Amino acid sequence: MRATFEQNAEFITLASREARDEAQRLLARLEILISGLAAKDSGAGLELRRAAVEFLVAAGDQAALRGEGRLAVVPPSRPSDRVSDRPSDRLGELESTILEIFEDEEGLHVDAIFELLGVLGVEITKGNLSVKLHRMIKAGRLISTARGCYGLSSMERARRMAS
């Protein structure tokens, strides 16, 4: 039995959509890896970013070649290099910004947190935000009230009331 032209077109469309989705997943994982490594060692993070861009350029990624890609080699800003008023520039400021969002709220969904951070000018992906929220849970600063919903832990509330 031979496939019709329409079936072939549907298969090609589905395959290209799956390839795009897989590419997005891989880019998100690479972004998380680079961000995590840069938080621990900015030199190693920059080196991994450069290696990723060189690989993409060698593979023929013209956007990366022009420096327009998401993984363009730009050294991360460090608190010692310059002072910035963007909370996303420093990890500690990001955490304090997230905690300030929860101060007047009983709990928020990750989508609402993401939107509020965007309004405040914080540049973070939902994946990185989710990782950060889970790390804050492990540190005892937040609790998960339901799937995707977060709130201040009682310990953090008490600490904030005391200060």
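Name the single residue that is farthest from Ile124 (Cα to Cα) among those in the stretch 31-56 being of a type in the set (A, V, I, L, M) and surrounded by fewer than 16 Cβ atoms within 10 Å (Cβ to Cβ). Step by step, filter the stretch 31-56, then rank; the result is Ala51. Counting only residues that are of a type outside the set (A, V, I, L, M, F, W, C) and either within 17 Å of the chain's Cα centre (by Cα) or crowded, with 17+ Cβ neighbours inside 10 Å (or both), the stretch 128-157 holds 11 of them. Taking the stretch 122-163 as the range and being outside any helix (DSSP H, G or I) and either closer than 19 Å to Glu31 by Cβ or of a type in the set (S, T, N, Q) (or both) as the test, the residues that pass are Val122, Glu123, Ile124, Thr125, Ser144, Thr145, Ser153, Ser163.
Checked across the stretch 77-87, the condition of being within 15 Å of the chain's Cα centre (by Cα), within 24 Å of Gly45 (Cβ to Cβ), at pLDDT below 80 and part of a helix (DSSP H, G or I) holds for at least one residue.
Conditions (1) at pLDDT below 75; (2) in a helix (DSSP H, G or I); (3) of a type in the set (Ser, Thr, Tyr); (4) not assigned by TED's automatic domain parsing to the domain that holds Lys126, marked per residue:
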{"site": "Arg25", "(1), (2), (3), (4)": "no, yes, no, yes"}
{"site": "Leu30", "(1), (2), (3), (4)": "no, yes, no, yes"}
{"site": "Gly45", "(1), (2), (3), (4)": "no, yes, no, yes"}
{"site": "Leu48", "(1), (2), (3), (4)": "no, yes, no, yes"}
{"site": "Val53", "(1), (2), (3), (4)": "no, yes, no, yes"}
{"site": "Leu56", "(1), (2), (3), (4)": "yes, yes, no, yes"}
{"site": "Gly60", "(1), (2), (3), (4)": "yes, no, no, yes"}
{"site": "Ala72", "(1), (2), (3), (4)": "yes, no, no, yes"}
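The values are calculated or read from the model by the stated rules, or taken from the named source; none is laboratory data. Given the structure is predicted, the values throughout are model-derived calculations rather than measurements. Neighbour counts are summed over all protein chains in view; Cβ atoms, including those assigned to glycine, are modelled from backbone coordinates with ideal geometry.
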